[in-house]
1. Obtain the nm distance between the two label points defined at Met56 and Glu15 by a simple spin-label model: each point lies 7 Å from its Cα along the Cα-to-C-beta direction.
2. Multiplying the sequence separation of Leu160 and Lys180 by 0.36 nm and subtracting their Cα-Cα distance, what value in nm do you get?
3. Counting alpha carbon pairs within less than 8 Å and at least 6 residues apart, what relative contact order, in whole percent, applies to segment 116-223?
4. With the Cα gyration tensor of segment 116-223 giving a ≥ b ≥ c as the square roots of its eigenvalues, does the rule (a/c under 1.5 for rounded; else a/b larger than b/c for prolate; else oblate) give rounded, prolate or oblate?
5. Could you grab the relative contact order for segment 1-48? Cα pairs under 8 Å, six or more apart, rounded to a whole percent.
6. Apply the a/c threshold of 1.5 to the C-alpha gyration tensor of segment 1-142 and tell me whether it is rounded, prolate or oblate.
7. Under 14 Å from the Cβ of Leu164, count the other residues' Cβ atoms, weight Lys and Arg +1, Asp and Glu -1, and hand me the total.
8. Quick one: Karplus J couplings for segment 95-111, per residue in order, coefficients 6.51, -1.76, 1.60, θ = phi - 60°, nearest Hz, x for Gly and Pro?
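Derivation of every value follows stated rules applied to the coordinates shown; laboratory data play no part. Computed from a prediction, not measured in an experiment: that's the story for all the values here. Glycine also receives a Cβ, built like all others from the backbone with ideal geometry; neighbour counts cover every protein chain displayed.
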Amino acid sequence: MKEAVYDTFTTASFEQKWCSFIEKFDLQENDWLGGLYTECHRLAPTLLRKYFWAGMSTTQHSESIHAFFDGYNNSTTSLNQFVKQYDNALRIQEEKEFEADFNSMDTTIPCGSNSSIEKQFQSEFTNAKFKEIQEEFISKMNCSASLNSMEDCFATYHVLEEILVGDIRKERALKVVLNKENHDFKCECSLFEFRGIVCRHVLSVCSQERIISLPEKYVLTRWKKNIKRKHSYIKTSYGVTELKPQMDKFDKLCKHFYEAAEVAAESEETTEDLHETLHLFSSNMFGYKFQTLKQWKLQFQTWLIHFTKLVNGSLTLLDAVPDYKTREIAVSDLVNTFHEVG
């Protein structure tokens, strides 16, 4: 059973090994195993690999929760103490995350090879995630890729991997399909789909094909060292001191936007106009490379005044928005207009 649950990578191989196990021990009438098989789509890692879980299984989730509160609560903790200790645990966890982010930006883990793909991940990923990628690069040495078939732009490789189970040496073969036009990979182990990191089998094929870089889709934003965590701007009782200025700004903006949204929600037309205005503002803010800080401020002020006037009803056409390059706006006018909302 263990081999069927943990050592298979496809639905077909899981079904085959499960049926072999049932027939070998004559367990067709076992109700407990029958119930497990009915729920196997929720339990078997093989059937869960096509979904992204960031590498976390149901048991790992439970274990991580217990480990998270180790040292803070025990069987004698009162309800009042639990609430305080809960805040302490969250505060220390956030401080650890903040420190890890700083270390990822301040220090660089050296590459273990001359691979340009490894350097690609080194420059993008946090230290913790880069260490995981490095494990795949190390394990790549135990893999041997051979071209099995070629159809149009799709190359199918068989990757033979040597593994150790205890002291027993085993070999397993996995199929990797490569689209040579866009360097899109599909591996039977589904490590990327399940954990969000490239597997050793794909890296082995990359070496065989002399691929020097991977598409951006394989560098998940959630693992990048320069990612801005949105939840860190929300005020909490355990907030990190270094982020307090950003939290205050975020809180004030949310209050103003909430007031404007309340008014806009009264009308379907105003709601649609507001959505379009915010979309255009975001597109200009993130899609345009501002040459100076003054231009950025001018762009922001122009769209913010349009935003508030649109909600008040004094501006209804998006075409009426002046070009930020030709219109000067005083900060005092911006503040006065902004506070009229609601």
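1. If labels sit at Met56 and Glu15, their model points lie 3.2 nm apart.
2. Roughly 5.1 nm would be gained on extension.
3. Here the relative contact order equals 26 percent.
4. It comes out oblate by the Cα gyration axes.
5. Relative contact order, segment 1-48: 45 percent.
6. Oblate shape, in that a/c is at least 1.5 and b/c is the bigger or equal ratio.
7. That sum, taken over residues with Cβ under 14 Å, equals -2.
8. 5, 5, 5, 5, 5, 5, 4, 4, 5, 5, 7, 8, 10, 10, 7, x, 6
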